[in-house]
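Novice: Before anything else, here's the structure in question.
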Amino acid sequence: MSYFITLQYLRAIAAGLVAVFHICLFLPDRSFYLGNYGVDIFFVISGFVMYLSGHKLAPQEFMVHRISRIVPLYWTATFAFIAMAGITSVSMEEVFKTLFFIAYADPETKPLVSPILTVGWTLNMEMFFYVLFAIGLALFRRWLVSGLVAIFIILIVVGRLVPDLGPVAEFYTKGILLEFAAGLVIAKGMADGWLKPGPIAGVLLCILSLVALALLQDVGWRMIRWGIPACLIVVGMLALEPVLTRIRLPVLETLGDASYALYLSHLMVIGPAILVLELVLAPDHWLMIVAVFVVCQAAAVGIYRFYERPVNLWLKSLRQRRVASG
């Protein structure tokens with residue numbers, strides 16, 4: 001799969017939005033509800049990347065790649081969160097379901113269906129997508145995108161029409177699944193050549209995404225409220241790839257590399273960062289948000305460079321040696 005610098009930038013932006021959303025929750029009289037939008041960008045990107053990187057792989061090879069990419073840091077972050085939070089009421093069942101991406105209902109958390117590390121609800125959704133993608137590779141590779149889109153639509157329709165499914169079944173039938181489908185369609189369109197917007201169209205699409213983001217905030221359905229703007233900005237940024245490849249932004253590229261680390265670690269960094277920064281900044285000062293954000297990003301870059309990246313390279317070398325040995 002080709003490397004897209006624009007997707008790195010978008011990953012950095014998406015993770016940053018989520019981090020600022022949570023930072024504001026820790027501070028008095030602050031809110032940044034728009035930060036949720038970062039999740040929708042991630043889901044559209046995921047659909048796009050999974051098609052380009054995975055549609056020619058064997059199902060088991062695809063799953064090995066995805067598991068080795070997301071599991072090590074997620075498991076580490078989960079155990080670190082348990083240790084830092086001093087959680088003693090967590091059951092072995094909750095730990096097992098969290099580690100193996102099995103959604104379960106917990107009335108003490110928000111969202112209701114959430115693993116121990118609450119941001120992991122998106123990874124539960126991602127893993128569900130990966131499993132469906134692998135099934136698609138095994139059963140209907142030739143019609144992979146259309147088949148998966150049909151499955152997502154069926155799931156969502158079932159979720160809308162069948163009453164009292166329960167929180168877990170409702171979780172797996174959320175409309176947000178369409179964002180994975182949208183990413184798949186975008187990737188298929190670009191690969192087949194019928195979706196090829198130029199740089200000018202890319203600028204217009206990015207502007208349109210911001211307009212849509214402003215106009216659709218009162219719409220109840222998330223796929224419309226944030227999913228449509230996310231699709232527009234992903235297509236728009238991809239259209240700008242030829243331009244932005246020549247105008248590299250190393251800091252944003254690095255933050256894109258560290259976006260997964262930021263996503264998983266920031267909840268554990270925010271509290272201690274605020275405690276230290278309160279020595280020099282008032283909690284309600286806008287600079288507190290900036291300072292905590294910088295600390296979260298610095299921690300994420302450190303985690304990426306000294307843990308996530310070395311582990312990923314080691315696991316990649318293991319896979320390559322296994323293939324070479326037959």
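Novice: Could you tell me whether the range 276-287 includes any residue that is in contact (Cβ under 8 Å) with a residue 24 or more places away in the chain and part of a loop (DSSP other than H, G, I, E, B)?
Specialist: Yes: one or more hits.
Novice: Suppose the filter is outside any loop (DSSP other than H, G, I, E, B), of a type in the set (Phe, Trp, Tyr), open to solvent by less than 30 Å² (accessible area, probe 1.4 Å) and out of contact with any strand residue (DSSP E or B) (no Cβ under 7 Å at 6 or more places or on another chain); does residue 307 pass it?
Specialist: In short, no.
Novice: Does the range 59-74 include one or more residues that are touching a helix residue (DSSP H, G or I) at 6+ places or on another chain (Cβ under 8 Å), more than 18 Å from residue 315 (Cβ to Cβ), of a type in the set (A, V, I, L, M) and at pLDDT 95 or above?
Specialist: no
Novice: Let me ask something else. Does the range 103-118 contain at least one residue that is of a type in the set (Gly, Ala, Ser) and at pLDDT 95 or above?
Specialist: The answer is no, given that none of the residues of the range 103-118 is of a type in the set (Gly, Ala, Ser) and at pLDDT 95 or above.
Novice: Within the range 145-170, can you find the residues that are within 24 Å of residue 54 (Cα to Cα) and open to solvent by 80 Å² or more (accessible area, probe 1.4 Å)?
Specialist: The answer is 153, 154.
Novice: Report yes if some residue within the range 56-75 is of a type in the set (Ser, Thr, Tyr) and not in a loop (DSSP other than H, G, I, E, B); otherwise report no.
Specialist: In the first step, residues of the range 56-75 are kept if they are of a type in the set (Ser, Thr, Tyr); the result is 68, 74.
Restricting the remaining residues to those that are not in a loop (DSSP other than H, G, I, E, B) gives 68, 74.
Yes - at least one qualifying residue is present in the range 56-75.
Novice: Out of the residues in the range 310-325 meeting the condition of being among the polar types (S, T, N, Q) and surrounded by fewer than 13 Cβ atoms within 10 Å (Cβ to Cβ), tell me which one is nearest to residue 70 (Cα to Cα).
Specialist: 317
Novice: Conditions first: (1) touching a Cys at 6+ places or on another chain (Cβ under 6 Å); (2) among the small types (Gly, Ala, Ser); (3) farther than 21 Å from residue 213 by Cα. Residue 58 passes all but one, so which condition is the exception?
Specialist: With respect to (1) touching a Cys at 6+ places or on another chain (Cβ under 6 Å); (2) among the small types (Gly, Ala, Ser); (3) farther than 21 Å from residue 213 by Cα, residue 58 is out only on (1).
Novice: Scan the range 203-211 and tell me whether some residue there is of a type in the set (Gly, Ala, Ser) and open to solvent by 60 Å² or more (accessible area, probe 1.4 Å).
Specialist: No, the range 203-211 contains no residue that is of a type in the set (Gly, Ala, Ser) and open to solvent by 60 Å² or more (accessible area, probe 1.4 Å).
Novice: Still on this model: Which numbered condition in (1) surrounded by fewer than 21 Cβ atoms within 10 Å (Cβ to Cβ); (2) modelled with pLDDT of 95 or more is the only one that residue 265 fails?
Specialist: Going through the list (1) surrounded by fewer than 21 Cβ atoms within 10 Å (Cβ to Cβ); (2) modelled with pLDDT of 95 or more, residue 265 breaks only (1).
Novice: Going through the range 1-42 one residue at a time, which ones are in contact with a Phe, Trp or Tyr (Cβ under 6 Å, 6 or more places away or on another chain), open to solvent by less than 50 Å² (accessible area, probe 1.4 Å) and aromatic (Phe, Trp, Tyr)?
Specialist: 21, 37
Novice: Only one residue in 238, 313, 279, 275 is within 25 Å of residue 184 (Cα to Cα) and not aromatic (Phe, Trp, Tyr). Which one?
Specialist: Just a single option satisfies the conditions, and that option is 238.
Novice: Please work out which one of (1) touching a helix residue (DSSP H, G or I) at 6+ places or on another chain (Cβ under 7 Å); (2) surrounded by 15 or more Cβ atoms within 10 Å (Cβ to Cβ) is the condition residue 245 fails and give its number.
Specialist: (2) is the only condition that residue 245 fails.
Novice: Another question, if that's okay. Name every residue in the range 239-263 that is within 13 Å of the chain's Cα centre (by Cα) and either without any contact (Cβ under 8 Å) to a residue 12 or more places away in the chain or outside any helix (DSSP H, G or I) (or both), in order of residue number.
Specialist: 258
Novice: Could I ask something else about it? Looking at (1) at pLDDT 95 or above; (2) surrounded by fewer than 20 Cβ atoms within 10 Å (Cβ to Cβ); (3) among the β-branched types (Val, Ile, Thr), find the lone condition where residue 88 falls short.
Specialist: (1)
The values are calculated or read from the model by the stated rules, or taken from the named source; none is laboratory data. Just so it is clear, the model here is predicted, and its values are computed rather than measured. Every residue, glycine as well, gets a Cβ built from its backbone with ideal geometry; the counts of neighbours run over all protein chains shown. Ligands, DNA and RNA are stripped out before the accessible areas are found, and what is left, the full protein with its side chains, is counted by its heavy atoms. Shrake-Rupley method; radii C 1.70, N 1.55, O 1.52, S 1.80 Å.
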